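Q: Submitted below is the structure of interest, expressed as structure tokens.
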Amino acid sequence: MGFLHGILLFGAAAFLIPLIIHLLNKRKVVTVRWGAMHLLHEVIRQRKRKMKIEQLLLLMIRIAIPIVLALCLARPVLTALRSLGLGSSSLVVMLDDSFSMRAPAAQTTLPGGTVLEQARQDVQNILTDLPSGSSAQVILSGGSPRKLMDKATTSLDLVPKQLSDVPSMSGPLAANDAFQAATSALKDAPNAAREVVIISDFQEADWKAIADGAALPALENLSKQEPKPQITFYRVGSDLAENLSIASADVSALVAAESQPIGMRVRIKNHGKRPWQDIPVQLEADGARLRTARVSLAPEGEAMLSFTHAFNKVGDHSLSVRIEGDSFADDNAFHSIVQVRNQLNVLLIDGKPGNEPLSGATDFLDIALEPHTVAAASLKDLIRTKKIDVRKIRNEDLRQQEVIIMADVQRLQGHTQNDIDKFVKEGGGLLIFAGPECDLDWYNREFFRKGEGLYPAAIKGQARADADEPAARILMQRFTHPSALYFNDARAGRLQDAEFRHWFEFVPQGDQTQRIFNLDRNVPLMIEKKYGRGRVIASATTANAEWSNLPLQPFFVPLMQRLTTYLATVGSAPAWQLVGSTIRLPLDKAELGSEFTLRDPTGQTQTLKSVKEGDSVFVQSPAISQPGIYQLQKTGTEKVSLLAFNIDGTESNLKALPVADIQKIAQRHDAAYADTLPSYQALDRTRRHGSELWQPLLIALLMLLFAEVLLQQHIARG
């Protein structure tokens, strides 16, 4: 027996009220002698006995009323009815629909099917065994956990039907977020008996850290709920142990000029124990196969391949790489979009022009952004720069520009600052380099404006490494910013070779800013901020060699070009996105209400309509569930935008967590473990589930009140 609101049981102490009233109302007997009294002694004795019984019965009823009322409010739970088939329960299924669940199921369970199909079948069988009146909810746990239905349902036959319509290409399992969603679902559970079943293939990629002792606070909170839910870890597995995947594919440029060669560096991973020989690797452009290379992979080894290709037509183009050979092909392709442009216009605002070569604040930038033009080479540069002294800038200079780069600018005049502010809000990109001429007070007061201005962060001051100290260097870590992904491979350049003697100390603004690079002094080197429809990137060092040797490094050219092209394309779709995310493209305000056609890789189409949110107009799709190249076309126009979606390869290593480790997690949280449907059904039969008793107690309370009234009237009639 348990109680949902045990503290209300103290209300049962109200039974003392009728008892005390009864005791206080007892009267002392006064004897009056009367001659004929002896004739009535027997009648009085019998009547007195009857009155005592009636009064005692009335007292017991009045004492029972507050006790039953307190029990009713405390909502008692009896834990012995489910074994008799009488107790309904509320079931929450945490169903792993992550990428690895698409692997082939074990041949003994569902030959030819996937692990997720096996899991869906088991969910249907579990729901069939629930008693009448039970409710169910499903939390889809891959990627961003979400509820299958808006609320729990007692129409259990609807759940398998809805599950069959849910795509299964989500990202890695987010265990803690999924348990939070399950906890939220249980708060609305209509039955006191509560069950949570975690159905997953328990990949090491998702669960290893938890098995090693990592905290899982959401599960701890779930297990502390009252009444305590019965938690079961249910494993569905695959026999597949060997798998090849494309671990990454980095494109050398986000935007390219016509006929400019584009490089794609591909990393192929063998996640199994067997070697692979002569695996074909195919390069495709705009859906057509261009060439095939072959690689061999050692057990748990990887290989790198590089391809180049040039597009000779302006517009969006797809570039894909694909491998063949293994039985799990979902992670065997990678897709990217390359924008081919005539040119990209960049305005360089020089805060300290120089009279000598390479002495100005923007001289190195000019060379890095137009290397072929400076070298008088025959190759065409995508970027076209226009350099101007900050003291001579006019509003007309900003027209037709896509990116503005400021270097060592002391301050901006009011009208210029307003023009640049408007430029970024409308989708332009701004890159700001520090320098000794910068007025820190103005930057903080007028440019940063407590987080409301253009500048991404407050400046604490200027820091330096003295001559007898080692210079600061870029902290080497896994870069996640789109402009920095290319430098995760050391062959793109050794970023740690750059030495910094002076730099600004930024004060990052939490969620408002994103760090692109950090120095090894635990301070940011470059940070980014979203501003309107555009982006602003601030560098803590100079664009010339005055504070560092960064411009002298071989990687300075690709770094500046990637930062610039990134800022120039923030208003368009990224080179690729993960499956599970949505398409969301900003539009001009005049395009509000326009219709677009979205075509998926299989040729299926759907119609999207642009909408408005605040001051922004955009077109947005539902979550994408299939990798590949998508086409988005505005109705009535010929322009087609290409979008690429890839799977998250975190779970490409199909190695499952050992059963002992799963059981260890379960035991730590007082949960059960099952790995087959019969074992789960046996477990379900042996443990008891709760059933609330407040309904019959409420009926009993009403009966007591009715009995109290009848008995009181009977006593009054004498």
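Readers should treat all values here as calculations from the given coordinates under stated rules, not as data from a laboratory. In this text, all values refer to a predicted model and were calculated from it rather than measured experimentally. Ideal geometry is used to build each Cβ from the backbone, glycine not excepted, and the neighbour counts take in all protein chains shown.
Q: Could you line up 669, 415, 502 from fewest to most neighbouring Cβ atoms inside 10 Å? Spell out each step's value before the answer.
A: Working: 669 14, 415 11, 502 19.
If I rank by nearby Cβ atoms, fewest first, I get 415, 669, 502.
Q: I need 635, 513 ordered by Cβ neighbour count within 10 Å, fewest first.
A: Least crowded to most crowded, the residues run 635, 513.
Q: Further question: Measuring from label point to label point, each 7 Å out along Cα→Cβ, what is the residue 668 to residue 497 span in nm?
A: With each label point 7 Å from Cα toward Cβ, the separation is 4.4 nm.
Q: Report the gain in length on full extension from residue 545 to residue 327: 0.36 nm times residue separation, minus Cα-Cα distance, nm rounded to one decimal. Intermediate results must be reported in sequence, preceding the final value.
A: On the way: separation 218, 0.36 × 218 = 78.48 nm, distance 5.34 nm.
Once the chain is fully extended between residue 545 and residue 327, it gains 73.1 nm.
Q: Residue 301's amide H: which non-local residues (gap 5+, or another chain) put their own amide H closer than 5 Å, with H modeled 1.01 Å from N in plane and none for Pro or chain starts?
A: The list, which skips near neighbours in sequence, is 270.
Q: Continuing with the same structure: Which residues among segment 580-598 fall inside the zone where the amide N is under 18 Å from a point 7 Å beyond the Cα of residue 177, along Cα→Cβ?
A: What the label zone holds, given the 18 Å backbone N cut-off, is 580-584.
Q: Across segment 466-471, in residue order, what do the Karplus-derived ³J(HN,Hα) couplings come to in whole Hz, using 6.51 cos²θ - 1.76 cosθ + 1.60 with θ = phi - 60° and x for Gly and Pro?
A: 5, 4, 8, 9, x, 5
Q: Okay, moving on. If you stretched the chain out fully between residue 584 and residue 147, how much longer would it get, using 0.36 nm times the residue separation minus the C-alpha to C-alpha distance?
A: Value of the extension gain: 155.1 nm.
Q: Through the Karplus equation 6.51 cos²θ - 1.76 cosθ + 1.60, θ set to phi - 60°, convert the phi angles of segment 249-255 into ³J(HN,Hα) values in whole Hz; use x for Gly and Pro.
A: Whole-Hz 3J(HN,Hα) from phi for segment 249-255: 8, 9, 8, 5, 9, 6, 9.
Q: Where in segment 169-183 does the label zone of residue 220 land, with the point 7 angstrom along Cα→C-beta and an amide N cut-off under 14 Å?
A: 176
Q: Hey, if you put +1 on the Cβ of every Lys and Arg and -1 on every Asp and Glu Cβ in segment 344-568, which of 461, 549, 522 ends up farthest toward the positive end of that dipole?
A: It is 522, whose Cα lies furthest towards the positive end.
Q: Show that you can apply the helix-only estimate: for the chain, add -39,500 (n - 2.57) for every DSSP H stretch of four or more residues, divide by all residues, and state [θ] at 222 nm to the nearest 500. Before the final figure, lay out each step's value.
A: Values: 14 runs with 172 residues, N = 718.
For the chain, the value works out to -7500 deg cm²/dmol.
Q: If I stretch the segment between residue 132 and residue 10 completely, what's the gain in nm (0.36 nm per residue apart, minus their alpha carbon distance), one decimal?
A: Roughly 40.6 nm would be gained on extension.
Q: Still on this model: Based on alpha-carbon centroids, what's the gap between segment 226-266 and segment 562-625 in Å, whole number please?
A: Measuring centre to centre over Cα atoms gives 22 Å.
Q: Which Cα, out of 103, 635, 698, lies furthest along the positive dipole direction of the chain (beta carbon charges, K/R +1, D/E -1)?
A: 698
Q: Less than 18 Å from a label point 7 Å out along the Cα-to-Cβ axis of residue 417: which backbone N atoms in segment 431-447 qualify, by residue?
A: 431-435, 437-447
Q: For the pairs 386/612; 352/450; 460/589; 386/530, flag any whose C-alpha to C-alpha distance is greater than 32 Å. Mind showing how you got there, number by number?
A: Numbers: 386/612 35 Å; 352/450 27 Å; 460/589 39 Å; 386/530 24 Å.
From the list (386/612; 352/450; 460/589; 386/530), the Cα-Cα distance tops 32 Å for 386/612; 460/589.
Q: While we're here: Under a point-charge model restricted to the Cβ atoms of Lys and Arg (+1) and Asp and Glu (-1), what is the dipole moment magnitude of the chain relative to its Cα centre, in debye to the nearest 20? Before the final figure, lay out the partial values.
A: Numbers: 79 positive and 78 negative charges, 872 e Å.
Rounded to the nearest 20 debye, it is 4180 debye.
Q: Mind putting a number on the dipole of segment 602-718 about its Cα centre? Charges go on the C-beta only, +1 for Lys and Arg and -1 for Asp and Glu, and I need it in Debye to the nearest 20.
A: Once rounded to the nearest 20, the dipole reads 160 debye.
Q: With a cut-off of 8 Å between alpha carbons and a minimum separation of six or more residues, what is the relative contact order of the chain in percent?
A: 15
Q: Rounded to two decimals, what is the ratio between the C-alpha radius of gyration of the chain and 2.2 N^0.38 Å? Walk me through the numbers before you get to the answer.
A: Values: Rg = 36.6 Å, N = 718, 2.2 N^0.38 = 26.8 Å.
In units of the globular-protein estimate, the chain measures up at 1.37.
Q: How large is the dipole of segment 244-339 about the Cα centre if only Lys and Arg carry +1 and Asp and Glu carry -1, each at its Cβ, rounded to the nearest 20 debye?
A: On the way: 10 positive and 12 negative charges, 49 e Å.
It works out to roughly 240 debye.
Q: Now for a separate question. By the gyration tensor of its Cα atoms, with a ≥ b ≥ c the square roots of the eigenvalues, what is the shape of segment 359-483: rounded for a/c under 1.5, prolate for a/b over b/c, or oblate?
A: Judged from the Cα gyration tensor, segment 359-483 comes out oblate (a/c at least 1.5, b/c at or above a/b).
Q: Along the charge dipole of the chain, pointing to its positive end and built from +1/-1 on Cβ of Lys, Arg, Asp and Glu, which listed residue (193, 403, 172) has its Cα farthest out?
A: In the chain, that residue is 193.
Q: Also, quick follow-up: Using a Förster radius of 60 Å, what is the FRET efficiency between residue 154 and residue 512 based on their Cβ-Cβ separation? Nearest 0.05, please.
A: 0.85
Q: For segment 244-339, just say rounded, prolate or oblate: build the C-alpha gyration tensor, square-root its eigenvalues into a ≥ b ≥ c, call rounded for a/c under 1.5, and beyond that prolate if a/b exceeds b/c, oblate if not.
A: prolate
Q: Of all DSSP beta bridges in the chain, what percent run antiparallel (nearest 5)?
A: Given both bridge residues lie in the chain, the antiparallel proportion sits at roughly 65 percent.
Q: Separate question: Between residue 113 and residues 5 or more places away or on another chain, which pairs have amide H atoms under 5 Å apart, with H built 1.01 Å from N, and which residues are they?
A: Counting only residues 5 or more places away or on other chains, the set is 105.
Q: Would you kindly derive the ³J(HN,Hα) couplings of segment 611-621 from the backbone phi angles with the Karplus curve 6.51 cos²θ - 1.76 cosθ + 1.60 (θ = phi - 60°), listing them in order in whole Hz, with x for Gly and Pro?
A: Once rounded to whole Hz, the list reads 9, 10, 9, x, 9, 9, 10, 7, 10, 9, 10.
Q: Separate question: Report the FRET efficiency, 1/(1 + (r/R0)^6), for residue 655 and residue 356, where r is their Cβ-Cβ distance and R0 is 60 Å, rounded to 0.05.
A: So the FRET efficiency works out to roughly 0.50.
Q: With labels modelled as points extended 7 Å from the Cα through the Cβ direction, what inter-label distance (nm, one decimal) is found for residue 707 paired with residue 468?
A: The modelled label-to-label distance comes out at 9.6 nm.
Q: Right, another one. For the chain, what are the DSSP H helices with axial Cα length of 27 Å or more and mean Kyte-Doolittle hydropathy of at least -0.5?
A: 41-74, 694-717
Q: As an exercise, use a Förster radius of 56 Å and the Cβ-Cβ distance of residue 597 and residue 302 to find the FRET efficiency, rounded to the nearest 0.05. Let's see the in-between values first.
A: Values: r = 39 Å, r/R0 = 0.71.
Given R0 = 56 Å and the Cβ-Cβ separation, E is 0.90.
Q: Moving on to the next point. Using a simple spin-label model with points 7 Å from Cα along the Cα→Cβ vector, what separation in nm is obtained for residue 161 and residue 437?
A: That separation, rounded to one decimal, is 7.2 nm.
Q: A further question on this structure: Can you give me the long-range amide H partners of residue 432? Hydrogens built in the peptide plane at 1.01 Å from N, cutoff under 5 Å, separation of 5 or more residues or another chain.
A: Amide H to amide H, under 5 Å and 5 or more residues apart or across chains, residue 432 pairs with 406, 537, 538, 539.
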